[in-house]
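Peer 1: Can you read through this structure? Questions will come right after.
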Amino acid sequence: MRVLLAEDDPIIADGLVRALRKAGYAVDRVDNGLDADTAVLSQAFDLLILDLGLPKMPGIEILRRLRARKCAVPVLILTAQDGIEERVRGLDAGADDYLTKPFALPELEARVRALTRRGTGHATRIEFGNLCYDQSERIAKVSGQLVDLSAREMAVLEVLMLRAGRLVSKEQLVDHLCGWGEEVSTNAIEVYMHRLRKKLESAGVRIATIRGLGYCLEKTGEAHGSA
Ligand code: CA
């Protein structure tokens, strides 16, 4: 899950970035409206957290442009305490939810979970072999038993499960895992794969390496095609 955070207050932004990354989201942050507008035009996000009071271009304008382009990315707006009018305009312009500053991080995380769940618009549980991945709860189970995975391992598994049985390139994995300013090397991807393979030994699936191309999640006993 990839989140774009548009917030110019560095203290609020740092806290949000840290909390969301800890919860396993890849987060990109911009501190002005122009960069936010460019980012949503050039890349796909699963959620936009948008401060309405942004320099260079107001949040409401970004939201209007987004919806005018029929971009359906869920948008959570952040508004000032006394900004009732602003909040109403935000919702009218197509925001999905709002939070009033200051807010508690657990509340933000709950809203983010709800919005990213809604955003996918389909069942968020994926089953493959004995493995079950729940995208909204961010948990993986093997034969009903929870698998203990780090946030990064979970993010890798998510990509593999979303494309189960099909090729996933290293670039796709790097793209899914990294936010701007947060480097994820292809070596790191190999380390996550190694750990995932160990943790998923009894899952009835295996992560096949397709040399030079990437990875493929297969059911044990099935050989991958030439992809
Ligand atoms: Ca602001």
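The values are calculated or read from the model by the stated rules, or taken from the named source; none is laboratory data. Quick caveat: nothing in here was measured; it's all calculated off a predicted structure. With ideal geometry, Cβ positions are generated from the backbone for all residues, glycine too; neighbour counts draw on all protein chains shown.
Peer 1: What residue, of L16, L4, is of a type outside the set (F, W, Y), under 20 Å from R111 (Cα atoms) and more than 14 Å from the ligand (Cβ to nearest atom)?
Peer 2: Exactly one residue qualifies, and that residue is L4.
Peer 1: Just checking, which of D46, D35, D31 is under 12 Å from the mean Cα position of the chain (by Cα) and acidic (D, E)?
Peer 2: Every option except D46 fails the conditions.
Peer 1: So which pairs qualify, if the first residue must be in region 3-24 and more than 19 Å from D46 (Cβ to Cβ), the second must be crowded, with 16+ Cβ neighbours inside 10 Å, the Cβ gap must be under 6 Å, and the two must be at least 6 apart or on different chains?
Peer 2: Filtered contacts from region 3-24: D8/D31; D8/L54.
Peer 1: Quick check: anything in region 99-108 out of contact with any His (no Cβ under 6 Å at 6 or more places or on another chain) and farther than 23 Å from L20 by Cβ?
Peer 2: There is no residue in region 99-108 that is out of contact with any His (no Cβ under 6 Å at 6 or more places or on another chain) and farther than 23 Å from L20 by Cβ.
Peer 1: Every residue in region 19-34 that is assigned to a helix (DSSP H, G or I) and more than 15 Å from the ligand (Cβ to nearest atom), please.
Peer 2: Correct list: A19, L20, R21, K22.
Peer 1: Next up: Can you confirm whether D37 is surrounded by fewer than 22 Cβ atoms within 10 Å (Cβ to Cβ), within 15 Å of the ligand (Cβ to nearest atom) and not assigned by TED's automatic domain parsing to the domain that holds R152?
Peer 2: no
Peer 1: Check region 54-66 and report whether any residue there is crowded, with 16+ Cβ neighbours inside 10 Å, under 21 Å from H176 (Cβ atoms) and within 14 Å of the ligand (Cβ to nearest atom).
Peer 2: no
Peer 1: State the number of residues belonging to region 127-145 that are within 21 Å of the chain's Cα centre (by Cα) and small (G, A, S).
Peer 2: Qualifying residue count, region 127-145: 2.
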